[in-house]
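Input: a single structure, listed below in structure tokens.
Values quoted throughout were computed directly from the atomic coordinates according to the rules given, and no laboratory measurement underlies them. These numbers were taken from a predicted model, which means no experiment stands behind them. FYI the Cβ positions are ideal-geometry reconstructions off the backbone, even for glycines, and counts take in every protein chain you see.
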Amino acid sequence: AQKVTQAQTEISVVEKEDVTLDCVYETRDTTYYLFWYKQPPSGELVFLIRRNSFDEQNEISGRYSWNFQKSTSSFNFTITASQVVDSAVYFCALSPGANSKLTFGKGITLSVRP
Amino acid sequence: SQTIHQWPATLVQPVGSPLSLECTVEGTSNPNLYWYRQAAGRGLQLLFYSVGIGQISSEVPQNLSASRPQDRQFILSSKKLLLSDSGFYLCAWNNRDTQYFGPGTRLTVL
């Protein structure tokens, strides 16, 4: 069975602070995919990143960066110099392979105050 | 480019009434399609998924059903709504190992 744990439920920071959102996963599959999605107040889930289990390279996209560590089964997401527009619920998700069902964590509500 | 549509955007229905939510994908063929529900408290629960016309897999037994009458159309239905059916319903499709989501339908059952 697959499981995704996002232990943080709510995080509040002041604009320009760095913030890290934690994600820990459990799976018995040797091949799997990890995802992060953003859900702004409008409700639509916005895809941010996909990482497969063979690629442990960290990734940076602008102010966003992701740290994937198979040794600790973690896929953490860091926002550098946070902005008010980053306020949203962030979901980490796991799937066993291509075109497979997603297992979501419960999400982290991030509030960035001006 | 591919786009996914859902309607209606919001819906208020009385308990015991029927339900029909529609999801349509454009710009692709034979996608995998998914229905999720997000109840208050924000967890996302997979309800149904479909790998082709007429092929529906149910993840959670409940009073909802799904159908796929056309390749790019996915419908979520109920004959009699319950209060517990209230929530935010999201449709998604697969493209190259990634699921992309529609704008969602917010359903309130009174």
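Things to note:
- Relative to the Cα centre, the charge distribution of the protein assembly as shown, modelled as +1 at Lys and Arg Cβ and -1 at Asp and Glu Cβ, gives a dipole magnitude of about 460 debye.
- At q = 0.17 Å⁻¹, base-10 log of I(q)/I(0) for the stretch B:1-105 (Debye sum, equal scatterers on each alpha carbon): -0.73
- Normalised by the number of residues in chain A, the average gap of Cα pairs under 8 Å and 6 or more apart makes the relative contact order 38 percent.
- Given charges at Cβ of Lys, Arg, Asp, Glu: chain B dipole, positive-most of B:64, B:30, B:104: B:64
- Point-to-point label distance, residue A:81-residue A:60, nm (Cα→Cβ direction, 7 Å offset): 1.2
- Under 22 Å of direct C-alpha separation, and excluding same-chain neighbours fewer than eight residues apart, residue A:38 reaches these lysines: A:3, A:16, A:101, A:106.
- Magnitude of the charge dipole for chain B, about its Cα centre and with charges confined to Cβ atoms of Lys, Arg (+1) and Asp, Glu (-1), is about 200 debye.
- Cα convex hull of the protein assembly as shown - mean projected area over all directions, nm²: 12.6
- Using 0.36 nm per residue and subtracting the Cα-Cα separation, the extra length available between residue B:84 and residue B:39 on full extension is 15.3 nm.
- The relative contact order of chain B comes to 36 percent, based on Cα pairs under 8 Å that sit 6 or more residues apart.
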